[in-house]
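Novice: Shown below is the structure under consideration.
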Amino acid sequence: MNLFKRNRKYINIVLLGLTAIMTSGLVSAKENTAAVGSISELQTVLSQNSIVRGEFTQTRNMEMFAQPLTSQGTFLLDKSNGLLWTQTTPFPVNLVLTDNKLSQRFADQPAKLITDKENPMAFYFSHIFLSVFHGDTQKLQDQFSLTFQPTTAQSSDQNTAFWKLTLKPKSAPMNAVFEAITLQGNSDIERIELKEIRGDSTAIEFSQLSHQPEVLSDAEAQQFQL
């Protein structure tokens with residue numbers, strides 16, 4: 001467990017940002033009229049879009065604090081380059097993640113850069129979650145037991161299809177950190193919750209999701225040049 005304690009800072013940074021990856025394939029379902037009714041249908045939409053942009057609100061409950069910690073910001077995920085995760089409140093943090101590098105900058109301080117060779121555990125977690133975006137469901141199933149639950153809610157004028165996907169780790173190192181990871185949504189994902197073994201939990205809600213523009217701006221592309 002000492003290994004996980006030493007790496008928990010970067011594991012949390014990676015995972016809290018990489019949950020956005022799990023929305024990237026699913027938001028495309030909003031553009032389709034058919035409801036997602038099974039894991040196989042959910043898997044079909046995982047790799048349909050190259051870029052997704054949006055906003056996030058993250059709420060972290062920690063046993064050591066009486067009140068939850070809340071942060072907000074924006075994210076951009078590009079399938080070819082990686083993830084930009086920009087926290088704006090309560091203080092600015094900029095995270096850039098590529099396949100083998102992670103850069104974190106607080107406010108105007110110099111960025112701290114780590115590589116997969118320097119911290120392989122953090123990148124082990126990131127590669128597992130990147131497999132979701134790339135549609136590598138076999139890798140996901142190797143690490144988790146998946147439970148998919150479609151439901152229907154009756155509103156005043158129509159039936160609305162919802163779903164919940166629960167991932168429970170099968171083995172180390174995932175089961176040493178997480179009890180379960182739950183995704184919920186209707187035509188797209190609306191909420192992700194990460195429950196940790198030690199009792200802490202994190203919920204992230206997504207909004208203003210878009211696939212436009214379909215190419216990176218020069219400024220966005222420059223951020224990936226680590």
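The values are calculated or read from the model by the stated rules, or taken from the named source; none is laboratory data. What you are looking at is a predicted structure, and each value in this text was computed from that prediction instead of being measured. Quick reminder, even Gly has a Cβ in these numbers, built from the backbone with ideal geometry, and neighbours come from all protein chains shown. Just the protein is used for accessible areas: all its heavy atoms, side chains included, with ligands, DNA and RNA removed. Shrake-Rupley method; radii C 1.70, N 1.55, O 1.52, S 1.80 Å.
Novice: Determine which single condition residue 189 fails, assuming it passes every other condition in (1) open to solvent by 60 Å² or more (accessible area, probe 1.4 Å); (2) modelled with pLDDT under 85; (3) under 30 Å from residue 66 (Cα atoms); (4) not charged (D, E, K, R).
Specialist: For residue 189, the exception is condition (1).
Novice: Go through (1) open to solvent by less than 40 Å² (accessible area, probe 1.4 Å); (2) at pLDDT 85 or above; (3) under 27 Å from residue 49 (Cβ atoms) one by one and return the number of the condition residue 196 breaks.
Specialist: (3)
Novice: When you scan region 106-113, do you find a residue that is out of contact with any Lys or Arg (no Cβ under 8 Å at 6 or more places or on another chain), of a type in the set (S, T, N, Q) and modelled with pLDDT of 90 or more, even just one?
Specialist: Applying the first criterion (out of contact with any Lys or Arg (no Cβ under 8 Å at 6 or more places or on another chain)) to region 106-113 yields 106-110.
Keeping just the survivors that are of a type in the set (S, T, N, Q) gives 109.
Cutting the leftovers down to modelled with pLDDT of 90 or more gives us 109.
Scanning region 106-113 turns up at least one residue that is out of contact with any Lys or Arg (no Cβ under 8 Å at 6 or more places or on another chain), of a type in the set (S, T, N, Q) and modelled with pLDDT of 90 or more.
Novice: Turning to a different aspect of this structure: What about residue 128, is it open to solvent by less than 40 Å² (accessible area, probe 1.4 Å), touching a strand residue (DSSP E or B) at 6+ places or on another chain (Cβ under 8 Å), modelled with pLDDT under 90 and not in a loop (DSSP other than H, G, I, E, B)? Break it down stepwise before answering.
Specialist: Values: open to solvent by less than 40 Å² (accessible area, probe 1.4 Å): yes; touching a strand residue (DSSP E or B) at 6+ places or on another chain (Cβ under 8 Å): no; modelled with pLDDT under 90: yes; not in a loop (DSSP other than H, G, I, E, B): yes.
So residue 128 fails the test.
Novice: Working only within region 199-209, note down all residues that are open to solvent by 40 Å² or more (accessible area, probe 1.4 Å) and either under 21 Å from residue 94 (Cα atoms) or in a helix (DSSP H, G or I) (or both).
Specialist: 205, 207, 208, 209, listed by residue number.
Novice: Follow-up question, since we're still on this one. When residues of region 34-79 are filtered for being part of a helix (DSSP H, G or I) and either at pLDDT 85 or above or in contact with a helix residue (DSSP H, G or I) (Cβ under 7 Å, 6 or more places away or on another chain) (or both), how many remain?
Specialist: Narrowing region 34-79 to residues part of a helix (DSSP H, G or I): 39-44.
Applying the additional criterion that residues be either at pLDDT 85 or above or in contact with a helix residue (DSSP H, G or I) (Cβ under 7 Å, 6 or more places away or on another chain) (or both) yields 43.
Within region 34-79, residues that are part of a helix (DSSP H, G or I) and either at pLDDT 85 or above or in contact with a helix residue (DSSP H, G or I) (Cβ under 7 Å, 6 or more places away or on another chain) (or both) number 1.
Novice: Still on this model: Can you pull out every residue in region 195-215 that is among the aliphatic types (A, V, I, L, M) and over 20 Å from the mean Cα position of the chain (by Cα)?
Specialist: Here is the first cut: in region 195-215, the ones among the aliphatic types (A, V, I, L, M) are 197, 203-204, 209, 215.
Result: 215, single match.
Novice: Now, a different point. Return the residues of region 138-167 that are among the β-branched types (Val, Ile, Thr) and modelled with pLDDT under 80; say none if nothing qualifies.
Specialist: Taking region 138-167 as the starting set, the residues that turn out to be among the β-branched types (Val, Ile, Thr) are 147, 151-152, 160, 166.
Scanning region 138-167 gives 151, 152, 160.
Novice: Those residues that are surrounded by fewer than 17 Cβ atoms within 10 Å (Cβ to Cβ), more than 13 Å from residue 224 (Cα to Cα) and among the acidic types (Asp, Glu), I need them from region 97-125; list them, please.
Specialist: Result: 108, 118.
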